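This report refers to the structure that appears directly beneath it.
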Amino acid sequence: PPLPPAPPADTLPPARTSISGAALLDLRSRTSARLQAVSVVNEQVVWASGTGGAFAVTTNGGASWRSGVVAGADSLEFRDVQGVDDKTAYLLSSGNGTRSRIYKTTDAGQNWQIQFINRTPEAFYDCFAFWDAESGIAFSDNVNGVFPVLATRDGGLDWHFLSEPGSETPSPVPAATAGEGAFAASGTCVATLGKEAAYIATGAGTRSRLLFTPDRGRTWVSYDTPVSQGTNTTGHTSIAFQDERTGLVVGGDIGSATSGGIRVALTADGGRRWTEGGQPTFPGAVYGAAWVPGSRGTVVAVGPGGASLSRDEGRTWAPLDSLAYWSVAFAGPKAGWMVGPGGRITKVSF
């Protein structure tokens, strides 16, 4: 069928000016769902997803959005989204058992095909990430000490297990510590690097770690960071890299709106060693973070307590916004998007 036309450009209020000097434009998403993930294809095409089976897409840089609910999925929470182009995107829903699923559209969201339904009652898929339009990896909380990890190389026609609980084949992924899983906060607990590498940022339980594969899941190692951890509500929530050496991981205590502790850790060697970063200006846990392409050293962190901006690779932070956000992504200095509750989408320009 022909693609539905994009809605006409909305009449929007003037942009707000942040203390840090950024312009913040409050957009009309045409959904009231809590938006928990955002994926930027380029400066014009952006996908978002959230609760109640909701998704939203813009093809004109946020001037207007088309939103919808995936058929048969109105009870699901789409905690992650990966946009490929203006017609193609993947969605991951989180929840125990069959509530964890992967969908794909190739017609701009008119129709969604189910690619994967989780059949392990104890599994809970948190995030996925892609190396390219056809190849990706998805991660679940542990089941009896084993992390279920999926991968695809054919655009999702086959999501196969790299690590499967109960399998006679030993898992290549390091065994989970007690209670260790991940937080499906912003869809960014998994990050791909280059053409082969990927990081998974774990949380909860007695120990939180970074799981690293240099070869699309064939082999793995784990690394420690100083981010606050050791309870069921603490650990990493999001990991992001500016390049193959410079990155940061964020988190904190998702169970406390005012918690401090160490919420940012930095790496300059591709993730092998991590040091404590600066403190974002808002209270509570950091849910998501994203680097700004084309603006060296600039990174934005968001959470229910607000948003902060760093221009020195996470060492110091300045206030960006006081509204609640779950996730953030950028195409460049003039085109970033933060998403949150009530269908909130805010465009950020520096």
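Setting aside same-chain residues fewer than 8 positions from K347, which lysines have a Cα under 24 Å from its Cα?
Here the lysines satisfying the reach criterion relative to K347 are K87, K334.
State the percent of C-alpha pairs, over all pairs in the chain, separated by a distance greater than 38 angstrom. Intermediate values should be presented prior to the final figure.
On the way: 5245 of 61075 pairs.
Tail fraction, whole percent: 9.
How big is the Kirkwood radius of region 81-142, worked out from every pair of different alpha carbons and given in Å to one decimal? Mind showing how you got there, number by number?
Working: mean 1/r = 0.0839 Å⁻¹.
Mean inverse Cα-Cα distance, inverted, gives 11.9 Å.
Per residue, how large is the accessible surface of region 304-349? Use a 1.4 angstrom probe and give square angstrom.
Result: 30 Å² of accessible area for each residue.
Using a 1.4 angstrom probe on heavy atoms only, work out the carbon and sulfur share of the accessible area of region 1-129 in %. Show your work: numbers first, answer last.
Values: 2660 of 5320 Å².
Percent of accessible area from carbon and sulfur atoms in region 1-129: 50.
Please state, to two decimals, what the Cα-based radius of gyration of region 280-350 comes to when divided by 2.2 N^0.38 Å (N = residues).
Taking the Cα Rg and dividing by 2.2 N^0.38 Å, one obtains 0.97.
Obtain the nm distance between the two label points defined at A15 and S322 by a simple spin-label model: each point lies 7 Å from its Cα along the Cα-to-C-beta direction.
Simple spin-label model gives 2.2 nm for this pair.
Can you compute the FRET efficiency between Y223 and E244 using 1/(1 + (r/R0)^6), with r the Cβ-Cβ distance and R0 = 25 Å? Round to the nearest 0.05.
Numbers: r = 15 Å, r/R0 = 0.61.
Given R0 = 25 Å and the Cβ-Cβ separation, E is 0.95.
Name the trypsin sites (Lys or Arg not before Pro) in region 241-350 that are in a loop by DSSP and that have at most 15 other C-beta atoms within 10 Å, would you?
On the way: sites: R245, R263, R272, R273, R296, R311, R315, K334, R344, K347; in loops: R245, R263, R272, R273, R296, R311, R315, K334.
Answer in residue order: R245, R272, R273, R296, R315.
Calculate the FRET efficiency for Q44 and I117 from the Cβ-Cβ distance with a Förster distance of 25 Å, rounded to the nearest 0.05. Mind showing how you got there, number by number?
Working: r = 33 Å, r/R0 = 1.31.
Given R0 = 25 Å and the Cβ-Cβ separation, E is 0.15.
Beyond 16 Å, what share of the Cα-Cα pairs of region 1-87 is found? Please give it as a whole percent.
Taking all Cα-Cα pairs of region 1-87, the fraction more than 16 Å apart is 57 percent.
Along each of its three principal axes, how wide is the spread of alpha-carbon positions in region 151-283, in whole angstrom units, largest first?
The principal-axis extents, from largest down, are 43, 32, 25 Å.
At a threshold of 8 angstrom on Cα-Cα distance, excluding pairs fewer than six apart, so keeping six or more, what relative contact order does the chain reach in percent? It would help to have the intermediate numbers written out before the result.
Details: 1142 pairs, mean separation 47.9, N = 350.
Here the relative contact order equals 14 percent.
For region 231-350, take the alpha-carbon Rg, divide it by the Kirkwood Rh, and send me Rg/Rh. Could you put the intermediate results ahead of the total?
On the way: Rg = 13.1 Å, Rh = 13.9 Å.
My calculation puts Rg/Rh at 0.94.
A178 to R153: extension gain in nm, 0.36 nm per residue of separation minus the Cα-Cα distance? Could you put the intermediate results ahead of the total?
Values: separation 25, 0.36 × 25 = 9.00 nm, distance 3.14 nm.
Difference between extended and current length: 5.9 nm.
Can you give me the distance in nm between label points at D312 and E276, each placed 7 Å from the Cα along the Cα-to-Cβ direction?
About 1.6 nm, to one decimal.
Excluding ligands, DNA and RNA, what is the solvent-accessible area per residue of region 108-170 at a probe of 1.4 Å, expressed in Å²? Walk me through the numbers on the way to the answer.
Details: 2850 Å² over 63 residues.
Per-residue value: 45 Å².
The values are calculated or read from the model by the stated rules, or taken from the named source; none is laboratory data. Quantities reported herein were computed from a predicted structural model and do not represent experimental measurements. Heads up, the Cβs are rebuilt from the backbone with ideal geometry, glycines too, and the neighbour counts pull from every protein chain shown. Ligands, DNA and RNA are excluded from the accessible area calculation, which covers all protein heavy atoms including side chains. Shrake-Rupley method; radii C 1.70, N 1.55, O 1.52, S 1.80 Å.
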